[in-house]
Amino acid sequence: MGKIRVLIIDDSALIRKILTEVLSSSPEIEVVGAAADPLIAREMIKQLNPDVLTLDIEMPHMDGITFLSNLMRLRPTPVVMISTLTEHGAEATLNALALGAVDFIAKPKVDVVNTLNDYAEEIISKVIVAAQAKVGNIQNRALKPKSPAATVPEISEKHSVDVILKPAPIKTHISPTNKIIVLGASTGGTEAIKTVVKGFSSDAPPILITQHLPAAFSQSFVRHIDLATEMSACIPQHGQTVEPGNIYLSPGDRHMLVIREGGKYIIHLSDGLPVNRHKPAVDVLFRSAAQCAGANAIAVLLTGMGADGAMGMKEMHDAGAKTVIQDEQSSVVWGMPGAAFKLGCTDYVVSLEEVSHKVLSLVKSGNAGKVL
C-alpha cells in the first residue's frame, strides 16, 4: 500500500507550513499539496486525487462548512477539520462532524506553533485513521432528512425551546430500577451518540457518557445531545446524584466516575492523570461502574480510535454487567469496540441503529443483579 496522500486546506500560511512539516515527518504520509482557500482546493482535488483533506473552518471565498457540505455531496472524502478551541469553533466543528468529517484537530488561539508540534503524534494518527475511516457511514446519516431536534439553534437557555424541539415521547413504560447505562465513544462518536440517545424516552435509566472531546467543546456537545432525545442531558457537578431520565456527559478536562452511596449512584469528577492518553477516559468510567453497579450496569462501546474502554468493559463483564458494542460495518472506526471484541467480553454486537433497541431490551428484561 502506498503513502496516504494529504491535501492541506487553510488560509494561514503558518498553519499550512506546520501541518506540512508534521505530516511529512510520518513515513506513511505524503503531503501532495496545500491550498489557501476552497476555490483553489477544488481544482487541486481534481488534479491530485488526495486520500485525506485537512480543512480549516474559517476561510475566504467559502467557509469550510459550506465546502465540506459540497464535497460530501459530490465527492465524499475523509476530512479532518482544523478547529479553534472556542464556543464558535466547537459549534462549527460539531456541524462539520454531522456533515461527514471524520475527526478534528483543535488549535489554540495562542502559541499555535508549539501546540501543533506537541500534538504531532496525535495529528499524524488522526490522518492515518481518517484514511481508513468509512466516510459513507457518516455521510449516509448526514444526508438523511433531519428532524427539528437535530438542528441546534443559537440559544442561551435550552429550556425555552424544549417544548418545541423535543421529539414526541416514546412510551416505553420502564419502571425504576437500579440499572445504569454507561457509554463510551471517540472518533465518529458525536453523531453515533445522537443516534443512540434518540431511542430513549424520559423514563429511561440514567446514561453516563464519556466521549473524547476538548473541554471547550463540552457545552456545545451536551446541547446537541439534549436536543436529540426526550431525556435531559447535562455536564454534571462533582457529587451530583444520578437520576433516571438524565444523561450525564463527562466534562472534557476531568474523568467521570460513578460510586454508590446511601443506596444512590453519585457522580465523582477526578482531575487525575490521563488514562490511555485520554482525560476523560472511558476505562475510568467503566471500571467505576463495574465496582459499584455490577450486574445492574449495561456497558455500551461505540465507534472510536484506539482501545480506551476495552479493559473497563471486560471488568464490567466479569462483574456481571451486560455489554453491547457497535459493529464494524456501521462504525466509522472500529478501534475501541473492536478491542473489546478481541478481549471476548462483548455480549452483543449490533449496528448503530440497533444499539438503543438492544439496550432497552436489556433494561426491560428485569435481570438486574444485586447491587454490590
Q) Does the stretch 191-203 hold any residues that are in a helix (DSSP H, G or I) and open to solvent by 10 Å² or more (accessible area, probe 1.4 Å), and which are they? A) Glu191, Lys194, Thr195
**Q.** Verdict on Asp327 being open to solvent by less than 50 Å² (accessible area, probe 1.4 Å) and modelled with pLDDT of 95 or more
**A.** yes
Q) In the stretch 330-346, which residues are over 15 Å from the mean Cα position of the chain (by Cα) and open to solvent by less than 60 Å² (accessible area, probe 1.4 Å)? A) Gly338, Ala339, Ala340, Gly344, Cys345, Thr346
Q) If you scan the stretch 347-369, which residues turn out to be at pLDDT 95 or above, polar (S, T, N, Q) and either assigned to a loop (DSSP other than H, G, I, E, B) or crowded, with 19+ Cβ neighbours inside 10 Å (or both)? A) Ser351, Ser356
(Q) For the stretch 226-260, which positions are aliphatic (A, V, I, L, M), closer than 18 Å to Thr190 by Cα and either touching a Leu at 6+ places or on another chain (Cβ under 6 Å) or surrounded by fewer than 17 Cβ atoms within 10 Å (Cβ to Cβ) (or both)? (A) Leu227, Ile235, Met256
Q: Please give the number of the condition Ser288 fails out of (1) among the small types (Gly, Ala, Ser); (2) surrounded by 22 or more Cβ atoms within 10 Å (Cβ to Cβ); (3) touching a helix residue (DSSP H, G or I) at 6+ places or on another chain (Cβ under 8 Å).
A: (3)
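The values are calculated or read from the model by the stated rules, or taken from the named source; none is laboratory data. The shown structure was predicted, so the numbers you read here are calculated from the model rather than taken from an experiment. Counting neighbours? That spans all protein chains shown, and the Cβs are built from the backbone with ideal geometry, glycine included. Side chains included, ligands, DNA and RNA excluded: accessible areas come from the protein's heavy atoms. Shrake-Rupley method; radii C 1.70, N 1.55, O 1.52, S 1.80 Å.
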